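Input: a single structure, listed below in C-alpha cells.
Here, each number is a calculation from the coordinates, and none is a lab measurement. Being a predicted model, the structure only gives us computed values, none of them experimental. Using ideal geometry, Cβ is built from the backbone for each residue, glycine included, and neighbour counts are taken over all protein chains shown.
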C-alpha cells in the first residue's frame, strides 16, 4: 500500500508535517512497516481541501492532524 502526502508550502501551512508524523506513528504502532510505504510529493493541486494525500491512488480530501488517525484506521487497519 502506498500513501503519498503533499509537503508543499500550502499543505505545510495546513499541518502536513504533523500529519506525516502521525502516519509514521500509526504505521509503527500497527507493525505495518513492510506493507505501507509513505512517500512525499510537492503540490498535488488540491490545497484548498486541507492537506492533500492519497492512499493507493485514492485522493483523500480534508486531511488534518485532527482526523488523520480516523482516516488511517478506515483504510489500513484490519
*region 4-31 versus region 46-60: alpha-carbon centroid distance in Å*: 12 Å
_Where labels lie 7 Å past Cα in the beta-carbon direction, separation of residue 13 and residue 43 in nm_ = 1.2 nm
_At 25 °C and a viscosity of 0.890 mPa s, what translational diffusion coefficient does Stokes-Einstein give for the chain, taking Rh as the Kirkwood radius over Cα pairs? Give it in µm²/s as a whole number._
201 µm²/s
*asked:* Taking the beta-carbon count within 10 Å as an exposure proxy, list 62, 12 from fewest neighbours to most.
replied: 62, 12
*Let me have the relative contact order for the chain, percent, based on Cα pairs under 8 Å that are six or more residues apart.*
41 percent
*Label-to-label distance, nm, for residues given as residue 29 and residue 69 (7 Å Cα→Cβ offset)*: 0.5 nm
*As a check on your grasp of the helix formula, calculate [θ] at 222 nm for the chain: sum -39500 (n - 2.57) over DSSP H runs of n ≥ 4, divide by the residue count, round to the nearest 500.*
-10500 deg cm²/dmol
